[in-house]
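This report concerns only the one structure given below.
Each reported figure results from applying straightforward, stated rules to the coordinates on display, with no laboratory input. Keep in mind that this is a model prediction, so the values were computed, not measured. Heads up, the Cβs are rebuilt from the backbone with ideal geometry, glycines too, and the neighbour counts pull from every protein chain shown.
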Amino acid sequence: MKMLKFVPVLLVVLTGCGAVSPQRELHKLNTAPTCCQSFNEVVFQVSALGESQQIRLERQPVFPFEQGKSYYIALQRPEKAEFIEVVSWINGSFIPSATLVYPVVTVLDEQKAKLTTLRPKEYWRNGLSIKPHPVSVPYYSVRFRLPDAARYVLIHTTPDMVKEFTPYTHHAPNGKTLDVNMRFSVGGLLDAQFQ
């Protein structure tokens with residue numbers, strides 16, 4: 001009897017732990033103060049070529065980008081770096097309610113003037129190339145070529161993407177598949193590496 005009462009409670013707790021509310025995260029972002037009003041005020045971290053940095057985006061400062069307010073990570077481009085690769089890990093352990101950060105990279109020159117904004121070339125409504133990981137959660141990886149004049153990058157997202165989703169077919173270890181509409185979020189785990 002006690003075991004039967006415990007199982008439904010355990011299922012509710014486990015599925016609740018994986019739930020991530022993009023709307024709640026967006027509200028938190030919208031009420032967060034911005035760190036600065038111009039790129040000249042942003043502090044950029046020095047990053048080595050080939051060094052991977054793992055970032056919880058929602059724990060970073062907030063900047064008012066053209067696309068809207070976003071958490072961001074600011075990095076200085078190392079010499080000889082031609083690309084920056086951004087990995088966005090699926091957030092949440094319960095796949096039907098998991099989310100993904102849609103990465104955007106704003107590129108600045110030596111005077112911290114905006115050169116361009118880079119977005120994935122894949123169209124999210126057709127489904128992003130979300131890949132399985134052998135020991136962790138699935139992830140989406142995108143590699144951006146940096147313009148020659150690029151000196152600084154800011155990795156962020158677009159708040160409007162919270163309204164969007166990307167179709168995703170999850171392949172479970174037991175061989176079953178699950179089709180879901182993966183929602184986007186303003187916060188989550190990212191890896192960044194200059195190459």
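Can you match Rg and Dmax of the Cα atoms in Å to one of these, (i) 67.9, 205; (ii) 20.6, 78; (iii) 18.3, 69, based on a calculation from the structure here?
Only one listed value fits the structure, namely (iii).
Round to the nearest 10 and give me the degree value, 0 to 90, for the angle of helix 22-31's Cα axis relative to the longest principal axis of the chain.
40 degrees
Please identify the GluC sites (Glu not before Pro) of the range 38-91 that satisfy two criteria: DSSP loop assignment and at most 16 other Cβ atoms within 10 Å. Which are they?
Those satisfying the criteria are Glu51, Glu66, Glu79, Glu82.
Cross-link list Lys121/Lys176; Lys114/Lys163; Lys121/Lys163; Lys80/Lys112; Lys69/Lys131; Lys80/Lys131: which exceed 25 angstrom alpha carbon to alpha carbon?
Among Lys121/Lys176; Lys114/Lys163; Lys121/Lys163; Lys80/Lys112; Lys69/Lys131; Lys80/Lys131, the Cα-Cα distance tops 25 Å for Lys121/Lys176; Lys114/Lys163; Lys69/Lys131; Lys80/Lys131.
Just need the relative contact order of the chain here, percent rounded to a whole number, with Cα pairs under 8 Å and 6+ apart.
It comes to 31 percent, rounded to a whole number.
If I model a spin label at Gln23 and Thr169 as a point 7 Å from the Cα along the Cα→Cβ vector, what separation in nanometres do I get?
Using points 7 Å along Cα→Cβ, the separation is 3.1 nm.
What is the spin-label model distance, in nm, from Arg143 to Gln111 if the labels are put 7 Å beyond Cα along the C-beta direction?
3.3 nm
Compute the acute angle (0 to 90°) between the alpha-carbon long axis of helix 2-18 and the principal axis of greatest extent of the alpha-carbon atoms of the chain; round to the nearest 10°.
In the chain, helix 2-18 runs at an angle near 20 degrees to the longest axis.
Go ahead and set up a Gaussian network model of the chain, Cα springs under 10 Å, then flag whichever of Gly92, Gly50, Gly175 fluctuates most.
Largest GNM mean-square fluctuation: Gly175.
Which residues make up the longest stretch of the chain that has no trypsin sites (Lys or Arg not before Pro) in a DSSP loop with at most 11 other Cβ atoms within 10 Å?
1-79
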